[in-house]
Amino acid sequence: MSGSSLDGLDLVYVHFHESAGKWSYEIVAGVCYEYPEEWVKKLKNAVNLSALEYQLLHSEYGHFLGRQINKFIESYELNHK
């Protein structure tokens, strides 16, 4: 999750449990990766981009998110869970 505060990317690994129609959860791991200043600037400026520039940023941001998620998975040994 990343909000409008641009403080960082929040990632959580959660186990959800359902029993007799009632849901509960257990937070297994969680972290907030602070955005590098470069990303704060890029995201703040996104409203000023052309449609093409926005699409390119969208793709670049997706790759950034993927790297952060992989880092999270590796850090908390969540492979294959």
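The values are calculated or read from the model by the stated rules, or taken from the named source; none is laboratory data. Since the model is a prediction, treat every value here as computed from it, not as a measurement. Reconstructed Cβ throughout: ideal geometry from the backbone, glycine too, with neighbour counts over all protein chains shown. For accessibility, only protein heavy atoms count, side chains too; no ligands or nucleic acids. Shrake-Rupley method; radii C 1.70, N 1.55, O 1.52, S 1.80 Å.
Scanning residues 5 or more positions from Gly8 or on other chains, those with amide H under 5 Å from its amide H are Gly3, Tyr35, with H placed 1.01 Å from N in the peptide plane. Over the chain, dividing the summed -39,500 (n - 2.57) contributions of all DSSP H runs of at least 4 residues by the number of residues returns a 222 nm mean residue ellipticity of -13500 deg cm²/dmol. Across region 67-81, computed HN-Hα scalar couplings (Karplus, 6.51 cos²θ - 1.76 cosθ + 1.60, θ = phi - 60°) run 5, 5, 5, 4, 4, 4, 4, 5, 4, 9, 6, 9, 4, 6, 10 Hz from first to last residue, x flagging Gly and Pro. Rounded to the nearest 10 square angstrom, Leu56 shows an accessible area of 110 square angstrom against a 1.4 Å probe. What would the Debye equation give as log₁₀ I(q)/I(0) for region 1-57 at q = 0.20 Å⁻¹, counting only Cα atoms as equal point scatterers? Those come out to -0.79, one per q. A simple spin-label model places the labels of Val40 and Arg67 1.8 nm from each other, with each point 7 Å out along Cα-to-Cβ.
Once the C-beta distance of Ala20 and Lys81 is scaled by a Förster radius of 25 Å, the resulting FRET efficiency is 0.50 to the nearest 0.05. With Rh defined as the Kirkwood radius, the inverse of the mean 1/r over Cα pairs, the Rg/Rh of region 29-75 is 1.05. Based on C-alpha pairs under 8 angstrom that are at least 6 apart in sequence, the chain has a relative contact order of 23 percent. In this structure the amide hydrogen of Ala29, modeled in the peptide plane, comes within under 5 Å of the amide hydrogens of Tyr13, none closer than 5 places in sequence on its chain.
Here His17 sits with roughly 80 square angstrom of accessible surface, probe radius 1.4 Å.
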